[in-house]
1. Using a/c under 1.5 as the rounded threshold, could you call segment D:119-181 rounded, prolate or oblate? The axes a ≥ b ≥ c are square roots of the C-alpha gyration tensor eigenvalues, and prolate needs a/b larger than b/c, oblate otherwise.
2. If eta is 1.567 mPa s and T is 4 °C, what Stokes-Einstein diffusion coefficient results for segment B:70-120, Kirkwood Rh from Cα pairs, in µm²/s?
3. Based on DSSP H runs of at least 4 residues, each adding -39500 (n - 2.57), what is the mean residue ellipticity at 222 nm of chain A after dividing by all its residues, to the nearest 500 deg cm²/dmol?
4. Could you work out how far helix C:193-203 tilts from the main Cα principal axis of chain C, as a 0 to 90 degree angle to the nearest 10?
5. Could you rank the peptides A:5-12, C:134-141, C:169-176, D:105-112 by their average count of other C-beta atoms within 10 Å per residue, with the highest value first?
6. Which single residue of chain B puts its beta carbon nearest to the axis of rotation relating B to D, and what distance, in whole Å, does that give?
7. Nm distances between the label at residue D:183 and the same-position labels in the remaining copies, 7 Å along Cα→Cβ, shortest first?
8. Would you calculate the convex hull of the Cα atoms in segment B:1-150 and tell me its volume per residue in Å³?
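Bear in mind that the values in this text are calculations on the coordinates, not laboratory data. Quick caveat: nothing in here was measured; it's all calculated off a predicted structure. Note that we place each Cβ from the backbone using ideal geometry, even for glycine, and neighbour counts take in every protein chain shown.
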C-alpha cells in the first residue's frame, strides 16, 4: 500500500454488512489524508454514512457506488450510481470512466454519501417488479394455452412493442436455451436490495405494491409448504367440514362449497 | 309435486351453473302461477336474473338466497341474504324464519333478484381476506420465534382485543386439535365467490387488494412449482450468472449477488 | 367494395365490443367466399371466435391482430400479434409486412383465432406492471430525498443497467419535458386489456399480483376520496376514539395510538 | 417513590421510542433491586431488550405489555400480551388481573422480554388487514348498487355468518351513526405496528400480502395526488399520445386506447 502514489483510491467490493465495514476500518488504518475508499459492493445505503465516518477522522474520503450490469458488464460496461462529495468523486472519476458503458448514459453522481447505494437499491427494486411482470405474463400465456408458441410471442415483443427491454431479451434467450424452462425450479432468492426498497418505501410512506408483490412471490417460492395456507385450510375445515389435504396431488380447481 | 298445496315454494340447493339452471328449468315445467323457486345454492349473482326469466313466463317467482354458517348452521342457525320482489319474499319468509339464527340479526332482504347472491359473494370475499389476515399473522408468529407459545397468544385474543371474531375462535380450535397444524397441508381450494368478488371489483373499478391477495395465495398454494418463479429464476441466471436450482432444498435466505 | 379485386382483405380498427361486432357483421354482408376481415382493434380475445363465426357461413375468413407501438409506430413500425388459420394469415401477410418493424422481430403468428388479441392483452398486462415498477421507484426516489437529481438517476439507467427499456427511455423524456412532472395529475385511465389480463389470470388460477397492483393503483388514482378508507377511518374511530378527518390537510404521518 | 413499599412496580405508558426510553432510564435511577418496570405502551418490540438492559444492572426487572381494546377497554377489560421472566410476570400479575377482561381469555404470557410487544404488533397487523377486508367489501357493495341497503346487509352479518366479529359490529355502529359515512374522509393514519409487522415479515421472509395491502391503502389515502400515478400518466402520454389530466374531474372509466 505504501508503494502506491498518493492520493490513493481503493475500490472495495466485498459482501455487504460486517465484511464491508471491517474492510473499511482496516483501510482507514492504512490510508491517510486525501486518500479515498470507494465501496462498490451491495451495501445498504444506511451503512454508507457510518462507513464514511470511520474514515473521516483520518482525512480519508468515502464514495459509495452501486454497480449494475451483471455478468454482461465486462462486455457492455457497468452502470454506475455513486454518492459522495464532489472532490471525492473527481478522484474516483478515472475509475468510473473505465468501468462505465461507452454511450452517453450509464453513470450518475446521485448525491451525497449514500445516494449511490440508495439509487442502486431502488434500481433493483424496480428490477424485481419488472421481472415479475414478464414472469406473470409468461405463466398466464403458458397456462391458458390460447397461444400456441409462447416463446415466439415473447420473441416478437423484442421489437416495436411498448414492453421491449433488455430483461425481455434475456428471457427469450433463456427460453431458447431451455424450452418451457423445464429444467429450472420455480425458486428465486432475494438479495437484500428488494427488501430494503420495500422498507424504504414504508419508512417514507410510499406504497410499492408491485415491487412488494415481486418480493413476496420470491419468499413463497422458497417454501415447501405455506404455513399461512395451512392456517387457511384449517379454518375452512373448521367451519365448512372441508376435508384438508395431507398428501393429495396439487392442481385442484374451484370447489362448490362456499360458506 | 301436484299433491303439495299451492302456492308451492321449492328450495333448490344444487351446484352453481348448469345444474342449478337445469333444475330451475325443470321446476318451471312443474310449477305454475304464484309458485316460487328459491335458489339457496352458491350461484353467481349474474345467473339469477336469467334463472328468474326462465320462470317468469309461467308466473313462477324466483328468489336468490345466499346462505352462510357452514356446518355450524344446524346449531347456530344459517345467515341468509336474499333478493327478489317483496311478494316473493313474503312467500319465502317462513322458510327463512325457520333457518335463520335466533337473534336479531342474520337475515336480510338485500334487494332485487341477484342481490342475495351478490351480498353473499361479497361476504365470502371478505371472508377470504379475514382468513388470510389471521393466517399471515400466524405464520409470522411461528416463524419469528419471538413468542414461545403461539397458540396461547391466539387464544388470548379471543376476548378484549380488536380482532376477536368467530374465525379466530375456529382457528384456536384447529390449533388445539392439531398443534402447529402439523398434519395439514398448506393447500387451499377456492370456491368461486372469491374469484367473482375480485371480478366484480374490476368491473366496478373498485380495488380489492386484500381480498385479491387472499385469492392469489390460494392459487399459489396449489402449485407444485411456480412457472412465474421459473421465469424469474431464468432471468436472474441470464444476467447474473446465478446458478438456478433444479433439485436443491427449499428455505434459502438472502444472497449477496444483486445486479 | 365491389370494385376491389378479390380476394378482398379488410382491416377493421374500431372500438372494441359492439362497434367491432357490428362492423364485422356489416362486412359479412358485403364480402364473399375467400375474402378476409382482420380485426386490428383492441377487442377482447373472447369476442374473436364469435366474430369469426359471423363470417364463416359466407366463406369469409377472420384474423385477429393485436397492435402495439403507440404513436411511435408510424416511425418504428407496429408490433403485431395475430391469430387465425394459416391460409388466412397468408392473405394478410402483405399488410403485416408493411406495418411491422424493419428488424427480425415484431410480428408473430400466435395461434388460432383469438390468440392474437390474447397475446396483445397479456402484453398490455405486462406493460401495466412494468410502468408501475418505474413509477414506484420514481416516487420513492423523489420522496426520500436521498438522491439529489432523480431525473439524472433515471437517465443514467438507460444504458448498462438491468432495467434499461423503452418505457424507461420514455419516462426520461417525460421528465425532461416536465421536470418533476409538475403539470401532470396522478390520474391514470385503464383501457380494458389490464382488466382482462387479471380476469384471464383468475380464470386460469394464475396469480398476477404485480399486474393487479398496477391495475388497482389506477382505479384508486381516479377516486377523489376512497370509500374503503372511509370505512377504515370509521372503524378506527369506533374502537379508538380517533378523530376522523372531515377537511384536514393531507400528508400526515405515523400516529401513536395503536389499539 | 421512596414512600412506596418494595418491591415497587411501575407501569409506563408514554409514546414509543425516545420518550419511553428516557422514562425507563429515569426510573432506573429511582428504582432498585427487585423492583419492576412494565412498558405498557406501543413500543417496537426491538426496543424492549435494550430498555431491559438499562435496568438490569440495578436489579430492576422489565416486562413489556401490549394492550388492546381501545376506548372500550374501560368497560370490557383490556387484552394483554406480555413478555418477560417468570419472576417479573408474577410481580406484575395483580396489575394484569385488574386490567384483563373478566372471561377466560384476554391475557397471555407470550414469552421473554419483547414477546409481548411482538405479539401486540402482529395483532395490529392482523387488525389492519381485517379492517381492510370489511372496507373493500363495503366499497364494492356501495359502488355496485346491486344491493339496496348496504347497512342492512352488514347488520345481518353480525349473526350466523362466518365473518361475524367485533370489528364488524363497530362498522355497523359507525354506519348507523353516519349513514353512508358521508361525513368521514377516506383518510387513515397508521400507527407503527402495521409498518413493523410488514418489516418483521420481510426480515423473516414471511409474505404478508393482505396486511401490506392494508398498510399501503392507508399510505395512498393520505396523498392528495399520487406521484407514482403521475409517472404512469406521463409514460402513457409519451407512447400513446394520451392527453394527461391537469384539472379534469375524477371518476373516468375504461378508455379504448390500448397500445
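1. Judged from the Cα gyration tensor, segment D:119-181 comes out prolate (a/c at least 1.5, a/b above b/c).
2. Roughly 116 µm²/s, to the nearest whole number.
3. Calculated mean residue ellipticity at 222 nm is -16000 deg cm²/dmol.
4. 90
5. The most tightly packed comes first, giving C:134-141, D:105-112, C:169-176, A:5-12.
6. Closest Cβ on chain B to the axis mapping it onto D, in Å: B:165, 2.
7. Its label point is 4.3, 5.5, 6.9 nm from the equivalent points in the other copies.
8. For segment B:1-150, the hull spanned by Cα atoms encloses 131 Å³ per residue.
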